[in-house]
Amino acid sequence: MDNKEQLISLLSAFICHASSHLPDDVLKRLGEMREIEKEGFAATIYEAMFENMKLADELKRPSCQDTGVLQFFVKAGTKFPYLDDLADVLREATIKATKEAPLRHNAVEVFEEKNTGNNVGHRIPWIDWEIVPGSSDVEIYLYMAGGGCSLPGFSKVLMPLEGYEGIIKAVFDQMTSYGVNACPPCLVGIGIAGSAEVAAKLSKKALLRPVGSHNPNPRAKMMEEEIENGLNKIGLGPGGLGGKLSVMGVNIEQAARHPATLAVGMNTACWAHRRAGIKISSDLSYDLFTHKGVTL
Ligand code: SF4
């Protein structure tokens, strides 16, 4: 097996593992929330979730029928020796994992309105690149974005006078309309910037941050906590069937804005928050840092 084939096999195994195992931080948070939701439907839904995860592990099958559209967020070291092949490797790994996991066929070509049957299509899997100067490693985040959760996000530029209150209103409007679509408890990713596309991208990047982490800016952290407390008061509960908690957390990422514009983007992850991160070195050794102790 040459190095390219080795990378395809490694990343296919990475995708398969992510489809059936939630990351450590999400599992921990869901366990904590289960301890708080001890009554009625909420307790039953948590019981079903944990049974579902146990069976996904035992049967080596995806933990949700909607395995999503695959999105990769790559921090590419400029000295990583396989950089030229990486986009191709990610596409091939997606095709291989689609057969092996197996993953639902979720890539429909726009205009042809035809399902490609292998989760690969025009610009899909989506690959977002960040360059890391001087590094010989690559860090790849995988997000399996389902049709009910983080795909139906939104972003818009507010009227300047709407201010931060406008951001909060937009977030609560979205959660009280589409929130239940995303099988709560949700992780809410919010991007704040000067334009719609930057806010949208940051809202997805916010979902890549661990559950329980906070924005280093103290005001942003305060906003994360206040929105989280407010959303929990809505009482969506697990599965949207009522309970004490609606969200696993709220993560905000921001970019400096034009003085006349304030844009907000929002992405909502469901309880099956299939996010995985792997760091691969130039000798092809790896660290699956979101799922500690796992060998692929
Ligand atoms: S929202 Fe999440 S858990 Fe619910 S069906 Fe979609 S991917 Fe599955």
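For the chain, Cys16, Cys64, Cys186 have no disulfide-compatible partner, since no other Cys C-beta lies under 4.7 Å from theirs. With contacts taken as Cα pairs under 8 Å at a separation of at least 6 residues, the range 187-262 carries a relative contact order of 45 percent. Across the range 120-131, rounded Karplus estimates of 3J(HN,Hα) from the backbone phi angles (6.51 cos²θ - 1.76 cosθ + 1.60, θ = phi - 60°) give 10, x, 4, 6, 10, x, 6, 10, 10, 10, 10, 8 Hz, Gly and Pro being marked x. You can think of it this way: the chain between Phe41 and Ser195 has 51.3 nm of extra reach, that is 0.36 nm per residue less the Cα-Cα gap. The H on the amide N of Ala107, modeled in the peptide plane, is under 5 Å from the matching H of Thr116, Gly117, Asn118, Asn119, each at least 5 residues off or on a different chain.
About its Cα centre, the chain has a charge dipole of approximately 260 debye under the convention of +1 per Lys or Arg Cβ and -1 per Asp or Glu Cβ, with nothing else charged. The Cβ shell under 14 Å around Asn232 holds other residues with a net charge of -3, Lys and Arg each +1, Asp and Glu each -1.
Ordering Thr261, Tyr286, Pro216 by the projection of their Cα atoms onto the charge dipole of the range 214-296, which places +1 on the Cβ of Lys and Arg and -1 on the Cβ of Asp and Glu, puts Thr261 at the extreme positive end.
Treating r as the C-beta distance of Thr176 and Ser135 and R0 as 41 Å, the FRET efficiency rounds to 0.45.
A Cβ-based charge dipole, computed about the Cα centre of the range 154-269 with Lys and Arg at +1 and Asp and Glu at -1, lands at about 200 debye. Distance from the Cα centroid of the range 189-234 to that of the range 1-78 is 22 Å (rounded to whole angstrom).
Comparing mean-square fluctuations of Gly243, Gly153, Gly166 from a GNM of the chain with C-alpha springs under 10 Å, the top value falls on Gly166.
Considering only Ser20, Ser177, Ser195, the mean-square fluctuation computed in a Gaussian network model of the chain, springs between alpha carbons under 10 angstrom, is largest for Ser177. Summing charges over neighbours of Cys64, with a neighbour being any other residue whose Cβ is under 13 Å away from its Cβ, gives +2 when K and R count +1 and D and E count -1. For the range 1-144, the relative contact order comes to 33 percent (Cα pairs under 8 Å, sequence separation of at least 6).
Each of Glu165 and Lys28 was given a label point 7 Å from its Cα along the Cα-to-Cβ line. The distance between the two points is 3.8 nm.
DSSP assigns beta bridges within the chain; of those with both partners inside it, close to 70 percent run antiparallel. The modelled label-to-label distance for the pair Asn118/Ser282, using points 7 Å beyond Cα in the direction of Cβ, is 3.2 nm.
Along its principal axes, the range 3-59 has C-alpha extents of 52, 22, 12 angstrom, given from the largest down.
Accessible surface for the chain, divided over its residues, is 47 Å² per residue with a 1.4 Å probe. Largest GNM mean-square fluctuation among Gly148, Gly68, Gly230, using the chain with Cα springs under 10 Å: Gly230. When the residues Asp25, Asp283 are ordered by accessible surface, computed with a 1.4 Å probe over the protein chains alone, the sequence from largest down reads Asp283, Asp25. Once the Cα-Cα distance is subtracted from the 0.36 nm per residue extended length, the Phe50 to Ile234 segment shows a gain of 63.9 nm.
Here the gap between Leu296 and Lys99, fully extended at 0.36 nm per residue and compared with their Cα-Cα distance, gives a gain of 69.2 nm.
The values are calculated or read from the model by the stated rules, or taken from the named source; none is laboratory data. Please read all numbers here as calculations on a predicted model, not as lab measurements. A quick note on method: Cβ atoms are made from the backbone with ideal geometry, for glycine too, and the neighbour counts reach across all protein chains shown. Calculation scope for accessible area: heavy atoms of the full protein, side chains included, ligands and nucleic acids excluded. Shrake-Rupley method; radii C 1.70, N 1.55, O 1.52, S 1.80 Å.
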